[in-house]
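Engineer: Have a look at this one before I ask anything.
The values are calculated or read from the model by the stated rules, or taken from the named source; none is laboratory data. None of these values were measured; they are calculated from a predicted model. Every residue, glycine among them, receives a Cβ derived from its backbone with ideal geometry; neighbour counts consider all protein chains shown.
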Amino acid sequence: MIDPFTLRRFLFTLLFLGICAVIIFTRMLPLHSGAASFPPPDLILCFAFAWTVRRPDYVPVLLVAAVLVVADMLSLAPPGLAPFLTIIGLEQLRSRQALLTKQPFVVEWGTVAVIFTAMILLERVILGVFFVPQTSFGLSVLSLVMTVVFYPIAVGVSILGFRIEKVKPGDYDQEARTI
């Protein structure tokens, strides 16, 4: 018989994979009308960061990296750079997870926005050093703004839709007893 805590963690990991599959599928759909529009937010990052702050055990870092490598391959982006920067960003959040649980949401949102900004700037610098063609700086900033704006929506969906709350001291013990 499987431990209920392990089963719950496994099911939420599968749910995260399902969310990422839907996001990647919708990115591949030909929905563009040809006119220039706002760049879409990176919802995979939004959900990965939101879940890492709340329940880091539900989102293994290597799983997020694997999903982003697949997304890079399907979107013909430079493979490996986004997963590398995301791993660094997620690990920064994991190291601050205990502090962020005690802080209000605005502090969490600001921390995530700073990490997103650092990731975008570092990506642009690395691509520039290797002379890889990239989008204009304005589009990158607009994509960053869209991702930061959609982060609270991803948090709201995670909390209200999937009931992923922040871990508090003793939650693991209580969850193991009630399941």
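Engineer: It is to be established whether one or more residues within the range 38-54 are farther than 25 Å from Gly161 by Cα and hydrophobic (A, V, I, L, M, F, W, C).
Structural biologist: yes
Engineer: Identify all residues within the range 138-157 that are of a type in the set (Gly, Ala, Ser), modelled with pLDDT of 95 or more and surrounded by 16 or more Cβ atoms within 10 Å (Cβ to Cβ); write none if there are none.
Structural biologist: In the first step, residues of the range 138-157 are kept if they are of a type in the set (Gly, Ala, Ser); the result is 138, 140, 143, 154, 156.
From what is left, the residues that are modelled with pLDDT of 95 or more are 154, 156.
The answer is Ala154, and nothing else.
Engineer: Does at least one position in the range 30-53 carry a residue that is surrounded by fewer than 18 Cβ atoms within 10 Å (Cβ to Cβ), closer than 23 Å to Val132 by Cβ and modelled with pLDDT of 90 or more?
Structural biologist: no
Engineer: Go through the range 124-170 and give me each residue that's of a type in the set (Asp, Glu) and over 17 Å from Arg55 (Cα atoms). Steps first, answer last, please.
Structural biologist: Going residue by residue through the range 124-170, those that are of a type in the set (Asp, Glu) are 165.
None; the set is empty.
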